[in-house]
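The values are calculated or read from the model by the stated rules, or taken from the named source; none is laboratory data. All figures in this text were calculated on a predicted structure; none of them were measured in a lab. Glycine also receives a Cβ, built like all others from the backbone with ideal geometry; neighbour counts cover every protein chain displayed. We work out accessible area using only protein heavy atoms, side chains counted, and drop any ligands, DNA or RNA first. Shrake-Rupley method; radii C 1.70, N 1.55, O 1.52, S 1.80 Å.
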Amino acid sequence: MTIYADRPLRFLLQLCADTATAAWIAAWVWAGLALHDTLSALAVPGELMESAGEGFAENMADAAERVREVPLAGDNLAAPFTSVGEAGGSLSEAGRGFQETMGLVALVLPLLTAAMPVLFALLLWAMTRARWIRRASGAAALRSLPDEAGASLLALRAMASARPRLLTAVHPDPVGAWRAGDRAAIAKLADLELKRVGLRARRR
């Protein structure tokens, strides 16, 4: 399998494209992580609410226990402290709920923010490279065939895919030359196809 081109210019362009794709992905991953950190920091008020609610509930529970020791009226006097302590428990529960909500937002939103650009870049890069690898691997396989067979098939591929002006620059009638078995024209057409996909010319 041919992964990169043989020719320096095509190889450099492919390397730049790979580097740019990697940089794009890294930038969006960094953006997603930064957004996660920012949203996670917003959960701090929830932690404070939970801590304050738990502390308040514990203090009110202790106060209620002490008031209950008052003879005769202890239970009646403890009731308001118990009610206020339950309010502290509700505050603590609200703080935990807020933290859970922000934790979910901090997970989903950065993931969506980074995933879409990353998947788009990977899909575009994979489609482009897979198409080139398939074409270049086929051309490299033909280049390795015995001289006449490989050159003839490469020339045929060139006539099927290269621009007309490039073909006529090789020979005024490339199809006629190929049919007539013109070795010089066929060799040039084969090299044209190899050059078009970024591979070096055949060794003669």
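Residues that are touching a His at 6+ places or on another chain (Cβ under 9 Å) and more than 17 Å from Leu142 (Cβ to Cβ) were ranked within the stretch 165-184; the one that is surrounded by the most Cβ atoms within 10 Å (Cβ to Cβ) is Ala177. Within the set Leu123, Leu107, the sole residue that is of a type in the set (A, V, I, L, M, F, W, C) and either surrounded by 13 or more Cβ atoms within 10 Å (Cβ to Cβ) or more than 14 Å from the chain's Cα centre (by Cα) (or both) turns out to be Leu107.
When you check Val175 against the structure, is it in contact (Cβ under 8 Å) with a residue 24 or more places away in the chain and part of a helix (DSSP H, G or I), yes or no? It is false that Val175 is in contact (Cβ under 8 Å) with a residue 24 or more places away in the chain and part of a helix (DSSP H, G or I). Within the stretch 2-25, the set of residues being assigned to a helix (DSSP H, G or I), within 24 Å of the chain's Cα centre (by Cα) and farther than 16 Å from Leu124 by Cα comprises Phe11, Leu12.
Residues are listed down the side, and each one gets a yes or a no for (1) open to solvent by 60 Å² or more (accessible area, probe 1.4 Å); (2) modelled with pLDDT of 70 or more; (3) under 30 Å from Thr128 (Cα atoms):
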| residue | (1), (2), (3) |
| --- | --- |
| Pro8 | yes, yes, yes |
| Thr21 | no, yes, yes |
| Ala27 | no, yes, yes |
| His36 | yes, yes, no |
| Val44 | yes, yes, no |
| Met49 | yes, yes, no |
| Val67 | no, no, no |
| Val70 | yes, no, no |
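Is it true that Leu189 is surrounded by 15 or more Cβ atoms within 10 Å (Cβ to Cβ), under 43 Å from the mean Cα position of the chain (by Cα), at pLDDT 85 or above and assigned to a helix (DSSP H, G or I)? So Leu189 passes the test. Within the stretch 143-156, the set of residues being of a type in the set (Gly, Ala, Ser) and open to solvent by 80 Å² or more (accessible area, probe 1.4 Å) comprises just one member, Ser144.
Going by the conditions given, is Met159 open to solvent by 80 Å² or more (accessible area, probe 1.4 Å), in a helix (DSSP H, G or I) and at negative phi? Let's see the steps before the verdict.
Numbers: open to solvent by 80 Å² or more (accessible area, probe 1.4 Å): no; in a helix (DSSP H, G or I): yes; at negative phi: yes.
Answer is no for this residue.
Entry remark, the stretch 164-204: residues being among the charged types (D, E, K, R) and closer than 21 Å to Phe11 by Cβ number 7 in total. Here Ala140 fulfils each of the conditions (1) surrounded by fewer than 21 Cβ atoms within 10 Å (Cβ to Cβ); (2) in contact (Cβ under 8 Å) with a residue 24 or more places away in the chain; (3) not in a helix (DSSP H, G or I) apart from (3).
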